[in-house]
Amino acid sequence: MDEETTGALRRDAVGLREVLFQSVTAMAPAAAVAASIPAGAAFAGGSLPLAVLIALVACLFTASCVAELARELPAAGSVATYAARGLHPAIGFLVGWGYVFVEMLVPPLLLLQLGFTAAGTLHEEWSSYPADLWWPWSLAGAGVIAVAGYLGVRASARFGTVLGVFEIAVFLVFAVLLIGKAGDANTLSVFGTSHTADGHAGISGVFAGSVYTVLAFAGFEAAAPLAEETRDPRRTMRRAVLGAALGIGLFYVLTTYAMTVYFGPDRFAKFGASGAASWDGVARASFGLLWVLVFLAVINSTVANANACANVSTRTAFALARIRVLPRLLATLHPRHRSPVAGIALQTLVAVGAVLGLGFGYDPVTAFLLLATVIVTVVVGVYIVVNLACAGYFLRAGRTPVKPLRHLLFPVLGTAAFVPALLTAAGIPAFDFVTVLTPPVSYAGPIVGVWMAAGLVVLLLLIRRHPERIAETARVHLDTYDPTGDRQDGTVPR
């Protein structure tokens, strides 16, 4: 391999602010508030703020596990490395195999949303604009993301920071206005169980709403794959992961509370992602041109999320390619920007192909739902494995003292919180609030199954022919080792 391929990512390129917003934008806060979280209103109704608060606490358990592992194992392989060290290298490979796959599908998911949101809004304002002319916006977004990634992590992360600040600021201002206009309607009763939807009374409705809300937190771990490009990664990664989960979780609680008390808790079960009973509808009806800012914030959120997840997919692919469990080409770096250019090219091809193929094969909204189901199913499964890996790593580490709360109880609670979310995402009717999936969205399960089966075949071939490569999934490349194999900084041995 030449110098470009074998070289390292750019060290010390970004700091806490950039990697914090890498996780923040991967959570797509504006899009989550406007589109994802309202799905829980059908169950929690006006008690949705309580459901969001419960989801925040539940997600912090897993965020704590990721943060603990990110501090100990700062690696571009992130979740793959965590699973390899905490459980087994073979599990680490399968986690990486699945994680690269779905993270490469996140940009096309968001580009589809960018396309149909922009086209639908323009058609609503100017009927002469064709409602089905969505694809130019998606392709433009793909171009922007590719350029940002090509210019390197510093440019990409700073771009994401600017976008993240804008979308959060818009929704925070809107939330304050809603609370002010609600006046005497402001009430803490929305943090109780008295406003749940018909047919979902009490805590069961709140629980159902929280399961759907948990899915809006996906992405808090997105800072971790930038560890090898971050200053003081052991400290920075932990702060970024926990800071994003907690900060955006509180943002979700505040914005959901604001809209609930303004719209009316007892009729909030009818609130959704579109129409008059939505963030866009309320902004149009009551706040004049403010709706334009809400629209731009959601558009902004799709681009920022796609940008962050492109960073995740290309860094994870780079980490697996340099140990040659993925094609070596994906470890190729730009000689100046130190960006994984082959991975960026592949990410762009996948994005454009999925957007146009699925968008025209079905329609952009149906394609969005199919990709979202594939992605969330795998990502939630990865979170469960990482919870288990956290407990396994610290029980096996030896030199690092086990903290029962962080290293044992939190992994159990995090796993318990995400199992219902996994069943919901996969459409498995273990609970009465789970919606059974219909074609083509129901194809998500077979797609995931085929991909993971292919990964298992690759794993078996590698174990037979190159077992040392599978063992390398547990390697932390930033570490310095002495001849005995122990880390010279005196912490956990390899």
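Listed values, structure above:
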read-out	value
Residue list for the range 405-441, filter: closer than 29 Å to Tyr362 by Cβ, touching a residue at least 24 places away in the same chain (Cβ under 8 Å) and within 21 Å of the chain's Cα centre (by Cα)	Phe418, Pro420, Ala421, Leu422, Thr424, Ala425, Ala426, Gly427, Val441
Any chance Tyr383 is closer than 30 Å to Thr117 by Cα, open to solvent by less than 10 Å² (accessible area, probe 1.4 Å), in contact with a Ser or Thr (Cβ under 9 Å, 6 or more places away or on another chain) and assigned to a helix (DSSP H, G or I)	yes
Answer residue from the range 180-210, given it is without any contact (Cβ under 8 Å) to a residue 40 or more places away in the chain and farther than 24 Å from Gly414 by Cα and is least open to solvent (accessible area, probe 1.4 Å) among those	Gly183
Failed criterion for Phe360 (all others in (1) modelled with pLDDT of 95 or more; (2) assigned to a loop (DSSP other than H, G, I, E, B); (3) open to solvent by 30 Å² or more (accessible area, probe 1.4 Å); (4) not small (Gly, Ala, Ser) hold)	(2)
Checking Ser442 against (1) open to solvent by less than 80 Å² (accessible area, probe 1.4 Å); (2) at pLDDT below 85; (3) within 30 Å of Leu369 (Cα to Cα); (4) not acidic (Asp, Glu), the condition it does not meet	(2)
Which listed residue, of Thr213, Thr161, Thr196, is in contact with a Ser or Thr (Cβ under 6 Å, 6 or more places away or on another chain) and either farther than 25 Å from Val66 by Cα or not in a loop (DSSP other than H, G, I, E, B) (or both)	Thr196
Residues located in the range 386-409, provided they are in a helix (DSSP H, G or I) and open to solvent by 40 Å² or more (accessible area, probe 1.4 Å)	Leu388, Leu395, Arg396, Pro404, Leu405, Arg406, Leu408, Leu409
Single residue of the range 326-341 satisfying the filter (aliphatic (A, V, I, L, M) and open to solvent by 10 Å² or more (accessible area, probe 1.4 Å)) that is farthest from Val106 (Cα to Cα)	Leu329
Qualifying residue in the range 260-271 (condition: in a helix (DSSP H, G or I) and of a type in the set (Lys, Arg))	yes
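The values are calculated or read from the model by the stated rules, or taken from the named source; none is laboratory data. Because the structure is predicted, anything quoted here is derived from the model rather than measured. Reconstructed Cβ throughout: ideal geometry from the backbone, glycine too, with neighbour counts over all protein chains shown. What goes into the accessible areas is simple: the full protein's heavy atoms, side chains included, and nothing from ligands, DNA or RNA. Shrake-Rupley method; radii C 1.70, N 1.55, O 1.52, S 1.80 Å.
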